[in-house]
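For reference, the structure discussed in these notes is given below.
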């Protein structure tokens, strides 16, 4: 596993990853529910290549297998984290390695008190992944969207510094 910054040359690989239908609604970006045209991906890549973007690319050899984001924009004491892994690589430990690296970065280099993420109720794999990593469900916002003619609830999950320290120490 190689965790690095995105480079302009990663456009084709990122375009392919973001347009996997299994990731629609799970990418952690605006307009998350459908395919993205190349100019939209290029705009994201321009943002994500900036040193302050908080986005890291995950490579296995030369293959882009995912990315992780740490967003301190809302509150640096409670940043949002997001992990995305190529569907063909689910269940191979890449997401866990990526999340472990992001959490270590946050809790060893910033004053963050906790980290959080938002998941949808239909994303059972994502909820199970977050809970296995020590995150706790922190509530529920009902009917925040409609997907496939069904209401969708948003479920915030969080992990405090103290909880991470206990897990990290063992």
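Just so it is clear, none of the values below were taken in a lab; they were calculated from the coordinates. Nothing here was measured: the structure is a model prediction, and the numbers come from that model. Heads up, the Cβs are rebuilt from the backbone with ideal geometry, glycines too, and the neighbour counts pull from every protein chain shown.
Relative contact order for the chain: what percent, with Cα pairs under 8 Å and sequence separation of 6 or more? Present the calculation step by step, with values, prior to reporting the outcome.
On the way: 258 pairs, mean separation 28.7, N = 170.
It comes to 17 percent, rounded to a whole number.
Once every Cα of the chain carries one equal point scatterer and solvent is ignored, give the base-10 log of I(q)/I(0) from the Debye formula at q = 0.12, 0.17 Å⁻¹, two decimals.
The calculated log intensity ratios at q = 0.12, 0.17 Å⁻¹ are -0.54, -1.13.
Please give the Cα centre distance for region 1-39 versus region 142-164, rounded to the nearest Å.
After rounding, the separation between the Cα centres reads 21 Å.
Taking R0 as 25 Å, what FRET efficiency do you get between residue 30 and residue 72 from their Cβ-Cβ distance, rounded to the nearest 0.05?
Details: r = 18 Å, r/R0 = 0.71.
Using R0 = 25 Å, I get an efficiency of 0.90.
Counting each DSSP H run of 4 or more residues in the chain as -39500 (n - 2.57), what helix-only mean residue ellipticity at 222 nm follows after dividing by all residues, to the nearest 500 deg cm²/dmol?
Working: 5 runs with 53 residues, N = 170.
About -9500 deg cm²/dmol.
How long is the gain from residue 89 to residue 123 if the chain were fully straight, where each residue apart is worth 0.36 nm and the alpha carbon distance is subtracted? It would help to have the intermediate numbers written out before the result.
On the way: separation 34, 0.36 × 34 = 12.24 nm, distance 1.69 nm.
Gain in length upon complete extension: 10.6 nm.
State the Kirkwood hydrodynamic radius of region 104-170 in Å, one decimal place, computed from all pairs of distinct Cα atoms. Can you show the working numbers first?
Working: mean 1/r = 0.0768 Å⁻¹.
Hydrodynamic radius (Kirkwood, Cα only) of region 104-170 equals 13.0 Å.
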